[in-house]
Amino acid sequence: MTGGAIDIEDLTVAYERRPAVHHLSGGFAAGSLTAIVGPNGAGKSTLLKTIVGLLTPSTGRVHRHGLARRDIAYLPQQAEIDRSFPINVADTVALGLWSEVGLWGRITGKGWQRVAEALSHVGLDGFGRQPIAALSAGQFQRVLFARLLLQDAKLILLDEPFAAIDERTTSDLLAIIRQWNEQGRTVIAVLHDMEQVRQHFPATLLMAREAIGWGPTEEVLTEKALARARVLAQGWSNGHHHSAGRAA
C-alpha cells in the first residue's frame, strides 16, 4: 500500500487574523513517518486541520495528490472529543467503517467481527458493550485507535495521541503506528516528548509557525534549533514577531 504523499506550498493559515502557520513549504513523502514538534502555539494542530481540510489556507496550498477524504484518517486531541455521548465502545469503533457502509448502511456480521478484531488488536477484548464515558483516558485512546484500524486510510494524522496517557498504552499504540508505517501508510503525528520522537519517528518537522527544520529527526532536533523555536515562541507571547528567516 502506498500513497498518502502531501506537499505544502507556501502555506499561511490565519486564526482570527493572526497567522498560526506562516509561509510553510515542504513535503511528507508517501509511506513516511513524521513527527511535528514545536512550542505551544506553534501551529502544529492548525497544520493538521488544514491538511485534513477542516481549515482553509489564507495563502498557499496543500497538495493531496488525489487523496480523497476517505483516504485520510484524523484523530484530534482527546480534549476536543465529547465523551458524554451515550454510545458504547463497539459502536464507536464501528464508525471506522462508515466509508464502506455509508452513513445509514447496516453493518453486517462480518463488519462486527472486524470491530471485535480491532478491539482485540488494541488490547480491549470484551469491552464492546462498555459505555465510552466509563473508560480511562488510555482505554478511550485505544478505542479511537481501533476505529482508525477499521478506517484503513492511506494517510493518518494524529494530534497529541499520547497526551495524558499511561506508558503501557503509549507503547502499545506506538507499535500500531509502526505497523501502519510498515504497511506503507503515511503517518504524521503532533508530539511533545522529544525522546519518543528520537526513538520512533525517522522524520521531524520542527515548527514555530514557520519551519525551523524539516527532515531526518537527528538533523532537525538539535539543541540550537530547539532553542531557536523557543525564542520565536517567546517573541509572540511578548507580542512581537521577528521572522527567523526561512528554514531550509
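A few comments on the model shown:
- Local net charge near Ala94, Cβ-Cβ under 10 Å (Lys/Arg +1, Asp/Glu -1): +1
- Annotation: the residues Met194, Met207, sorted from fewest to most other C-beta atoms within 10 Å of their own C-beta, follow the order Met194, Met207.
- Each of Trp180, Trp112 was scored by other Cβ atoms within 10 Å of its Cβ. Listed from fewest to most, they are Trp112, Trp180.
- A simple charge model with +1 on the Cβ of Lys and Arg, -1 on the Cβ of Asp and Glu and nothing else charged puts the dipole of the range 1-137 at about 180 debye relative to its Cα centre.
- Around Ala133: net Lys/Arg minus Asp/Glu count, Cβ-Cβ under 12 Å: 0
- Amide H contacts of Ser25 (H built 1.01 Å from N, under 5 Å, at least 5 apart or other chain): Asp10, Leu11, Ala211
- Distance cut-off 18 Å, percentage of C-alpha pairs in the range 77-153 lying past it: 34
- CD proxy at 222 nm, helix term only [per DSSP H run n ≥ 4: -39500 (n - 2.57); per residue of the chain; nearest 500]: -10500 deg cm²/dmol
- Karplus-derived 3J(HN,Hα), 6.51/-1.76/1.60, for each residue of the range 157-165, Hz, glycine and proline x: 10, 10, 9, 6, x, 10, 5, 6, 10
- Restricting the range 106-208 to trypsin sites (Lys or Arg not before Pro) that sit in a DSSP loop and have at most 15 other Cβ atoms within 10 Å of their own Cβ leaves Arg106, Arg129.
- Distances between placed amide hydrogens fall under 5 Å for Ala208 paired with no residue 5 or more residues away or on another chain.
- Residue with peak Gaussian network fluctuation, the chain [Cα springs, cutoff 10 Å], from Ile51, Ile132, Ile81: Ile81
- A simple count of charges around Glu167, restricted to other residues whose Cβ falls under 13 Å of its Cβ and scoring Lys, Arg +1 and Asp, Glu -1, yields -3.
- Here the dipole of the range 77-153 is about 160 debye; that uses its Cα centre as origin and unit charges on the Cβ of Lys and Arg (positive) and Asp and Glu (negative).
- Gyration tensor (Cα) of the range 6-97, equivalent ellipsoid semi-axes in angstrom: 27, 18, 12
- Dipole magnitude of the chain about its Cα centre (Cβ charges: Lys, Arg +1; Asp, Glu -1), debye to nearest 20: 460
No lab work stands behind these numbers, since they all come straight from the coordinates. The structure presented is a predicted model; accordingly, all values stated were derived computationally and were not measured. When we count neighbours, we look across all protein chains shown, and the Cβ atoms used for this are built from the backbone with ideal geometry, even at glycine.
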